[in-house]
Amino acid sequence: MRSRHLASLVAVSAVAALVPALAPATATAAQRPLAQYEQQKPQWKRCAADWPAKIQCADITVPLDYAKPNGKKIKVAISRVKATSAKERRGVLLLNPGGPGGEGLDLPVYLGAQLPKTVQKQYDLIGFDPRGVGRSSPVTCGLTFDEENMERQYKPATFAKDVAWARTVARKCKTKQGDKLRHISTRNTARDLDVIRAVLGQKKISYLGYSYGTYLGAVYMQMFPSRADRFVLDSAVDPQRVWRGMIQVWAEGTEPAFVRWSEWTAKRNKEFKLGDTPQKVRTTFWNLVKQANKKPIDLDGERITGDDIRSYRALYFNVRAGAEAIAELKQAAAGRKAKLARVPRSVTRPTQPRFGGVPGDNGSASFWSVLCSDARNWPRDPEQYRRDSVRDKARYPLYGDFASNIMPCAFWDQGSEPTTKVNNKVGALIVQNEWDPQTPLVSAKGAHRALKGSRMLTVLDGEGHGVYAAGSCADKTTTAYLTTGKLPAKDLTCRTPVGKPRTALQLPVPAPAGTPDLPQVG
């Protein structure tokens, strides 16, 4: 679709050259079809009565389809907290919490409070809800709670039901949203960011993106390299693996985390009583899975199956949380009282809307819209998913079949453009925990390879999803880059002690699921 866009611009320019009598304003509009969007003047106002007065909100319009800038328009909601020092102000820092489907309108207050004062002095902090999300023309598919659940392990007896679920989600989304879905994509969101840049009167933007936000940042750098200033990509998505590969990487990354967890737990057998060797810990775990699959464990009124336990993959990246949770489950399996609140149901759950008027399934609807529109490599044959699930359960016993099972994208209409090939030399800082359940270390290394101008800072023994502003050893280097613009001369590592308390960023996890919304691990 991009080539059509360029062709239309060439055609318009040719017409303008043949008709010199056109009024100047008309000629400008013809030569710069996005001028009507870039010249908007945002009407800043208080976001809500219960929000701090220092954060202001505004709505801007962008084209649904950038190849048809005079066609249908949608709304993008933006927010701003001004730099605390007019004298030291450098520009704007756009913030994205991840997803896809994460709302970012309140980030200038929520995340801004955790950013160093030196950063707050230099930047207007800019939040936004990406297209299709939150207050930005939100999409909805009318999904039920069960239909939002993507945690579906492969079993021959239930595969037909899983195929029916994937087909139903795709059908309901198309029925509700029609052609709009093709344009809820990362490339178009990157274009929206560039409109925001222009509306704010900036030649360049700086950017802090977490999780999916790292991919959005990488795509912006690819599409608008001269307009990218200081970019921090925190907990990075491998742009070569979007998007089925990024779901499958969860299974790949869980296995070494599980080994590490069993080793750590075995050294603390007196505390957790799960086994005094790593092999005994793993045997205890798998025996618990078998028992729960035969008869679900009653955990404070919740019936937990063995497949539920396997889906708790994030537990094994946070060794203490994992040991505590499995010890609780072992107690419950033996008929003793256990505490449900200490056992998160899953790392993948719905991103619940934070504002009134946003459809309840908006997180899931926007998640699938982006994943299915961005990539054209989703298999169309359900049998391919079956074969991959069998193969990957053997490779990655904890989560392989979950990650490779069928998804709605198998039945989704193709997006408006091919997947972006990220391969540039724009400067950026990638920060990454060694033990991140959502974007495992292998994912960040892939992003680093694609972004040839980047430097990478790895937090050894770092646990959880989200690094910067969480009190780790990476904060000092990241702040120095944002405030001076100087990247480290080489890739760096630092170490955060295992079990050290860290600020909970509570980032939106990049997936929806129909599971109870208990505290996120990490």
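The values are calculated or read from the model by the stated rules, or taken from the named source; none is laboratory data. All values derive from a computational prediction rather than experimental measurement. Don't worry about glycine lacking a Cβ; one is built from the backbone with ideal geometry, like all the others, and counts go over all protein chains shown.
For segment 416-441, what are the residues that are over 16 Å from the mean Cα position of the chain (by Cα) and outside any loop (DSSP other than H, G, I, E, B)?
Applying the first criterion (over 16 Å from the mean Cα position of the chain (by Cα)) to segment 416-441 yields 416-429, 434-435.
The answer is N424, A428, L429, E434, W435.
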**In segment 292-339, the residues that are part of a helix (DSSP H, G or I), of a type in the set (S, T, N, Q) and touching a Pro at 6+ places or on another chain (Cβ under 8 Å)** = none
**Item:** Inter-residue pairs, beta-carbon under 6 Å, first farther than 19 Å from W250 by Cβ and in segment 144-172, second of a type in the set (F, W, Y) and part of a loop (DSSP other than H, G, I, E, B), 6+ apart
**Value:** A170/W412
**Message:** Just to verify a result, which residue in segment 49-66, among those that are within 26 Å of the chain's Cα centre (by Cα) and in a loop (DSSP other than H, G, I, E, B), is modelled with the lowest pLDDT?
**Reply:** W51
**Message:** One residue is enough: does segment 366-374 have a residue meeting the conditions over 17 Å from T186 (Cα atoms) and either in contact with a Ser or Thr (Cβ under 9 Å, 6 or more places away or on another chain) or surrounded by fewer than 24 Cβ atoms within 10 Å (Cβ to Cβ) (or both)?
**Reply:** no
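Suppose we filter K490, K476 for residues that are surrounded by fewer than 13 Cβ atoms within 10 Å (Cβ to Cβ), modelled with pLDDT of 95 or more and not in a helix (DSSP H, G or I); which single one remains?
It is K490.
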**Item:** Lone unmet requirement of (1) among the aliphatic types (A, V, I, L, M); (2) surrounded by 20 or more Cβ atoms within 10 Å (Cβ to Cβ); (3) under 15 Å from T214 (Cβ atoms) for A470
**Value:** (3)
**Request:** Could you please find all residues in segment 263-277 being under 17 Å from Q331 (Cα atoms) and acidic (D, E)?
**Result:** E271
**Asked** In the set V219, V237, V195, which member is at pLDDT 95 or above, in a helix (DSSP H, G or I), out of contact with any strand residue (DSSP E or B) (no Cβ under 7 Å at 6 or more places or on another chain) and β-branched (V, I, T)?
**Response** V219
**Complete:** Over segment 222-234, the set of residues of a type outside the set (K, R), over 11 Å from the mean Cα position of the chain (by Cα) and in a strand (DSSP E or B) is A228, D229, F231, V232, L233
**From the options S373, S364, S369, S389, residue that is assigned to a helix (DSSP H, G or I), touching a Phe, Trp or Tyr at 6+ places or on another chain (Cβ under 7 Å) and in contact (Cβ under 8 Å) with a residue 60 or more places away in the chain** = S389
**Message:** Please determine whether any residue of segment 459-469 is more than 17 Å from the chain's Cα centre (by Cα), over 30 Å from F402 (Cα atoms), among the charged types (D, E, K, R) and at pLDDT 90 or above.
**Reply:** no
**Request:** Could you please find all residues in segment 118-154 being more than 19 Å from N188 (Cβ to Cβ), in a strand (DSSP E or B) and in contact with a Pro (Cβ under 6 Å, 6 or more places away or on another chain)?
**Result:** L125
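So that you can scan it fast, the table gives a plain yes or no per residue for (1) touching a strand residue (DSSP E or B) at 6+ places or on another chain (Cβ under 9 Å); (2) buried (at least 21 other Cβ atoms within 10 Å of the Cβ):
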{"site": "Q114", "(1), (2)": "no, no"}
{"site": "G127", "(1), (2)": "yes, yes"}
{"site": "G142", "(1), (2)": "no, no"}
{"site": "R152", "(1), (2)": "no, yes"}
{"site": "A166", "(1), (2)": "no, yes"}
{"site": "D179", "(1), (2)": "no, no"}
**Request:** Tell me, please, whether a residue that is under 30 Å from A444 (Cα atoms), crowded, with 23+ Cβ neighbours inside 10 Å and of a type outside the set (A, V, I, L, M, F, W, C) can be found in segment 279-302.
**Result:** no
**Request:** For segment 31-48, enumerate the residues that are under 29 Å from T84 (Cβ atoms) and assigned to a loop (DSSP other than H, G, I, E, B).
**Result:** Q39, Q40, K41, P42, Q43, W44, C47, A48
**Every residue from segment 305-334 that is β-branched (V, I, T) and farther than 23 Å from R268 by Cβ** = T305
**Request:** For S206, work out the one condition from (1) assigned to a helix (DSSP H, G or I); (2) touching a Leu at 6+ places or on another chain (Cβ under 6 Å) it doesn't fulfil.
**Result:** (1)
**Prompt:** In segment 240-274, which residues are more than 21 Å from G446 (Cβ to Cβ), in contact with a Ser or Thr (Cβ under 8 Å, 6 or more places away or on another chain) and outside any helix (DSSP H, G or I)?
**Reply:** L274
**Prompt:** How many residues does segment 164-201 contain that are within 19 Å of Q222 (Cα to Cα) and out of contact with any Asp or Glu (no Cβ under 9 Å at 6 or more places or on another chain)?
**Reply:** 7
**Prompt:** If you check V133 against the conditions, is it touching a residue at least 40 places away in the same chain (Cβ under 8 Å) and within 24 Å of S389 (Cβ to Cβ)?
**Reply:** no
